[in-house]
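The values are calculated or read from the model by the stated rules, or taken from the named source; none is laboratory data. Note that the structure is a prediction, hence the values are computed from the model and not measured. Quick reminder, even Gly has a Cβ in these numbers, built from the backbone with ideal geometry, and neighbours come from all protein chains shown.
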Amino acid sequence: MSEPNVPVVDNAAELAALCERVAREPRVAIDTEFHAERSYSARLMVVQLAFEDGVAIVDPKAVPDLSPLVAALGETTVVGHALSSDLKIFADRYDAVPSRVFDTQVAASFLGYGMQISLADLVYDLRDVRLAKTQTVSDWSARPLSARQIEYLVDDVAHLLPMHDILIERLRDKGRYEWALEECAELGDVARYRVDERRAYMKIPGAIRMNRRELGILNELVKLRDRLARERDLPPKYILADDVVGGLATLRPKALEDLAQLRRLEAGLRRQLGPALLEAVARGEAIPEADLPERPRRPLGISRDTFAALMSVVVGEIARENGMPAGLLAPRSALERVARELPQTHEELQAALGLSAWRWELLGTQLERLLSGGATLAIEGYADGDPKIRLSHGSTNE
């Protein structure tokens, strides 16, 4: 099943021994291969672990309960690249994630690599090694794993610990190591991976046009669909399509025969899910008026949208000066919140932006000066073919 010197853990005893080692190690690199097309949460197919002296591969098809491994990873520092997808699987399946996390993609974003640099590109830049990504779309459910698959699995974790060392050194040189750790720490919070009910029902097409009562019903229907999908380990859309859920919320059926008005809700589904759907609608109808979901805010409008865009220019320029992606400094939603609420005090602006300490250090004071009229924007270097946006400090009347 594997090449020599690459142990594959495929029974409970071997998993227990591996977990003991993981818990003892100061750091462990990790990657996973999974299939997510036809299940509620992604199904793990392979887990790769790298230590200072080698790699181990875990076969979840042979040992499906990986809760001991997840617990062991909680005792060490976990190093990985673009870890949120891997950790979400642990959160969905075991309601736990490692608390000490170092994401090489996140760390690289503090060093000017952008927010989405691939593992292959980062390995090449930091290690001068080209990864052979020939198995990217491989069927990881097939057994035995081929020699090429094993090689691919090893490559995906073998460079992570050396890159960890390099990134730490470079981050410290720039004084950004603590910033990166703070950002990575958010990945180690299991609450990050739990379903946000509002975000779930507002993804349904047409939700933005619904009234508050319809939104209350929609929320109950989406929660029902999510529960059924989780119980059956199916994608929610396999239970009910989004447009059917939205149609039910606006139809507000009272009896089984009302369900026939929805052409896309077939007779079999009406028989199978009809009573549960009516109960969900009834729960939405029974929500007290004061407890109904608020309607989403309207778009900012031209004037305030321009205001948010102006702040985005400042964010982008500060990001450029510091060799970091603008999206890492402040999300557009935070700037829109400022444009909508127009905070008048230092404390109100801090609350509206919701920036961490290091972000406020880079960005907050500059935005505060701009909003208070203590600074203006100017374009320099245009005639030389190298235009830059500059904040000019001082009174606007000078």
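Does ILE208 satisfy the criteria of being among the aliphatic types (A, V, I, L, M) and not in a helix (DSSP H, G or I)?
No.
Quickly run through the stretch 18-56 and pick out the residues that are more than 30 Å from ALA229 (Cα to Cα) and hydrophobic (A, V, I, L, M, F, W, C).
Within the stretch 18-56, LEU18, CYS19, VAL22, ALA23, VAL28, ALA29, LEU49, ALA50, PHE51, VAL55, ALA56 qualify.
Considering only the stretch 292-308, state which residues are part of a helix (DSSP H, G or I), out of contact with any helix residue (DSSP H, G or I) (no Cβ under 6 Å at 6 or more places or on another chain) and in contact (Cβ under 8 Å) with a residue 24 or more places away in the chain.
Listed by number, the list holds a single entry, ASP305.
Going residue by residue through the stretch 338-357, is there one that turns out to be of a type in the set (Ser, Thr, Tyr), within 19 Å of GLU178 (Cβ to Cβ) and at pLDDT 90 or above?
Checking the stretch 338-357: at least one residue is of a type in the set (Ser, Thr, Tyr), within 19 Å of GLU178 (Cβ to Cβ) and at pLDDT 90 or above.
Just give me the residues in the stretch 162-211 being surrounded by fewer than 16 Cβ atoms within 10 Å (Cβ to Cβ), charged (D, E, K, R) and closer than 22 Å to SER85 by Cβ, in sequence order.
GLU182, GLU186, ASP189, ARG192, ARG194, ASP196, GLU197, ARG199, LYS203 - these are the residues of the stretch 162-211 that are surrounded by fewer than 16 Cβ atoms within 10 Å (Cβ to Cβ), charged (D, E, K, R) and closer than 22 Å to SER85 by Cβ.
Among the residues of the stretch 224-279 satisfying the criterion of being among the acidic types (Asp, Glu) and under 34 Å from the mean Cα position of the chain (by Cα), which is surrounded by the fewest Cβ atoms within 10 Å (Cβ to Cβ)?
This residue is GLU231.
Could you please give the count of residues in the stretch 256-269 that are under 15 Å from ASP243 (Cα atoms) and either in contact (Cβ under 8 Å) with a residue 12 or more places away in the chain or not assigned by TED's automatic domain parsing to the domain that holds LEU240 (or both)?
5
Name the helices (runs of 4 or more DSSP H) wholly within the stretch 84-202 that hold at least 1 residues that are in contact (Cβ under 8 Å) with a residue 40 or more places away in the chain and over 22 Å from ALA72 (Cβ atoms)?
It comes to 104-109, 119-127, 147-158, 160-174, 177-185, 197-202.
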